[in-house]
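Structure first, then comments.
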């Protein structure tokens with residue numbers, strides 16, 4: 001068994017990784033499939049929205065100048081000429097001292113240039129009495145008022161939200177060019193592991209990392225591909241890594257410096273081991289490299305370490321591959337610590353915490369195998385490498401799970 005000669009700085013390791021990652025090729029998909037996908041091109045409007053003048057309220061379409069001087073004491077009488085509904089075109093022209101009954105969203109007929117709200121008019125026997133003057137184009141949605149032809153509506157690198165899909169539909173965009181979703185091979189190793197549902201012997205444990213990592217990959221837009229549980233056998237693991245055709249490869253277990261930790265040696269044989277050992281807690285045995293330009297990550301077998309290492313290194317990779325800026329996928333809140341957190345200069349600590357009425361409480365757990373601590377925790381606090389810890393009462397930023 002050998003130890004780590006040096007441990008890489010977190011920021012330096014991340015910089016080494018990011019300078020090697022580029023976005024995946026784009027693909028064209030139906031707009032209906034676009035939610036949470038990332039645009040590979042700018043979207044430019046080819047039409048105006050709306051593309052016709054339309055009523056913004058229920059009321060009466062009029063010529064504004066015919067209403068000047070109207071009041072409750074001096075109503076102006078206009079002749080009702082018809083009725084206009086949304087989705088229908090009334091082939092009439094509103095002339096002098098004429099009006100049409102019109103509904104919200106209906107096209108404004110020729111001749112009319114304003115809509116008097118129903119509350120400011122009285123209708124009887126084909127006559128509409130206008131009780132308030134109105135300015136030209138009042139209560140009218142003008143052509144291009146929302147979006148103008150030629151406008152850049154959404155830009156490359158935008159992750160599409162539900163409202164974005166609605167806007168794109170409004171400008172007749174039926175298909176969108178997006179970055180391809182990265183596929184991620186999950187290679188889980190360990191003689192002690194069994195699948196969920198299988199009987200356990202005294203020395204076996206259930207593989208939980210596959211499920212955690214699959215969920216993390218999906219949340220960031222990737223497609224996980226489970227390769228099953230592999231024994232601690234050099235040739236078997238080597239073959240699985242060499243045969244993986246996915247965009248990213250993750251190996252969990254067998255990634256440290258123990259007698260059966262073969263993954264680092266395999267990467268050195270097949271490609272380039274760029275980083276092995278990072279000054280962080282938990283997850284210090286994490287590593288990564290490249291095989292034929294494909295990133296491969298070595299995540300510790302301990303579940304909490306695997307989660308933290310994924311967030312620190314795999315997550316940014318998946319985001320960059322989809323044209324996104326790297327960022328933790330967690331909302332942030334601020335609060336004050338209920339207890340001191342101790343750390344060490346030169347190491348980044350990821351500390352699980354709970355949000356309580358008293359403040360932000362660090363969890364009293366040791367060891368990176370306590371997976372339940374991530375469900376008992378509301379999130380985590382990052383202690384910077386230049387700090388020896390955080391004081392009780394100090395305000396901190398919490399990443400909320």
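The values are calculated or read from the model by the stated rules, or taken from the named source; none is laboratory data. Bear in mind that the values here come from a model prediction, so they are computed numbers and not experimental data. Virtual Cβ from ideal backbone geometry, glycine too; neighbours counted across all protein chains shown.
General remarks:
- Residue 137, sole failed condition from (1) touching a residue at least 24 places away in the same chain (Cβ under 8 Å); (2) crowded, with 18+ Cβ neighbours inside 10 Å: (2)
- Only one entry of 263, 306 meets the criterion of being buried (at least 20 other Cβ atoms within 10 Å of the Cβ), under 17 Å from residue 239 (Cα atoms) and in contact with a helix residue (DSSP H, G or I) (Cβ under 7 Å, 6 or more places away or on another chain), and that entry is 263.
- Restricting attention to region 152-178 and to residues that are in contact with a helix residue (DSSP H, G or I) (Cβ under 7 Å, 6 or more places away or on another chain) and in a strand (DSSP E or B), the residue that is surrounded by the most Cβ atoms within 10 Å (Cβ to Cβ) turns out to be 176.
- Single residue of 287, 271, 253 found to be more than 27 Å from residue 36 (Cα to Cα), surrounded by 22 or more Cβ atoms within 10 Å (Cβ to Cβ) and modelled with pLDDT of 95 or more: 287
- Residue in region 79-86 that is touching a strand residue (DSSP E or B) at 6+ places or on another chain (Cβ under 9 Å), within 30 Å of residue 175 (Cβ to Cβ) and surrounded by fewer than 20 Cβ atoms within 10 Å (Cβ to Cβ) present: yes
- When 273, 265, 230, 299 are screened for being in contact with a strand residue (DSSP E or B) (Cβ under 7 Å, 6 or more places away or on another chain) and without any contact (Cβ under 8 Å) to a residue 40 or more places away in the chain, only 273 passes.
- Residue under evaluation residue 181, criteria (1) buried (at least 19 other Cβ atoms within 10 Å of the Cβ); (2) more than 24 Å from the chain's Cα centre (by Cα); (3) assigned to a loop (DSSP other than H, G, I, E, B), criterion not met: (2)
- Of the residues 314, 275, 236, the single one that is in the same structural domain as residue 214 (by TED's automatic domain parsing), in a helix (DSSP H, G or I) and within 17 Å of residue 12 (Cα to Cα) is 314.
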